[in-house]
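Report on the following structure.
The values are calculated or read from the model by the stated rules, or taken from the named source; none is laboratory data. Not measured: the values here are computed from a predicted model. All Cβ positions, glycine included, derive from the backbone under ideal geometry; neighbour counts span all protein chains shown. Areas reflect the complete protein model, heavy atoms only, side chains present, ligands, DNA and RNA absent. Shrake-Rupley method; radii C 1.70, N 1.55, O 1.52, S 1.80 Å.
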Amino acid sequence: HVDLVESGGGTVQPGGSLRLSCAASTIYFAHYTLAWYRQTPGKQRELVASITDASVSDYADSVKGRFTISRDNRANTMTLQMNSLNPGDTAVYYCKANWYDDHSWGQGIQVTVSS
């Protein structure tokens with residue numbers, strides 16, 4: 001199990017930007033596939049973006065061209081740069097780390113896009 005701590009959430013106006021970070025407590029960080037999910041009340045948690053141990057990234061169609069996922073294996077951190085935010089991006093965002101049968105989640109952080 002990996003302890004994951006998200007930071008950087010908050011409230012932003014439509015069209016604005018936020019940068020989420022996820023810090024991990026493991027010496028094996030470089031081996032993990034990492035991802036950001038989000039969830040709104042009454043809906044299932046959905047995959048937003050992922051990045052493999054080889055730094056191959058993938059995105060949900062709804063965020064392509066606006067969000068960028070990255071990782072820093074030296075600092076054991078993952079980030080999600082979110083640009084051109086709209087109210088539909090409002091959700092609790094979770095980071096996830098996966099390696100073999102280890103599926104660890106962060107506690108979640110609120111992102112609100114509102115004027």
Residue selected from segment 99-114 under the condition part of a strand (DSSP E or B) and not β-branched (V, I, T), by the criterion least open to solvent (accessible area, probe 1.4 Å): S104
Among the residues of segment 39-65, write down those that are under 19 Å from Q110 (Cα atoms) and open to solvent by 40 Å² or more (accessible area, probe 1.4 Å). Q39, T40, P41, G42, K43, Q44, R45, E46, L47, S62
Which of (1) over 15 Å from T112 (Cα atoms); (2) in a strand (DSSP E or B); (3) open to solvent by 40 Å² or more (accessible area, probe 1.4 Å); (4) touching a residue at least 60 places away in the same chain (Cβ under 8 Å) is the odd one out, the single condition H1 does not satisfy? (2)
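Okay, residues lined up against (1) farther than 17 Å from T112 by Cβ; (2) in a loop (DSSP other than H, G, I, E, B); (3) touching a helix residue (DSSP H, G or I) at 6+ places or on another chain (Cβ under 9 Å):
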site: G16; (1), (2), (3): no, yes, no
site: A35; (1), (2), (3): yes, no, no
site: P41; (1), (2), (3): no, yes, no
site: S55; (1), (2), (3): yes, yes, no
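Given the criteria under 24 Å from T11 (Cβ atoms), without any contact (Cβ under 8 Å) to a residue 12 or more places away in the chain and touching a strand residue (DSSP E or B) at 6+ places or on another chain (Cβ under 6 Å), does Y59 qualify?
Numbers: under 24 Å from T11 (Cβ atoms): yes; without any contact (Cβ under 8 Å) to a residue 12 or more places away in the chain: yes; touching a strand residue (DSSP E or B) at 6+ places or on another chain (Cβ under 6 Å): yes.
Yes: the conditions hold for Y59.
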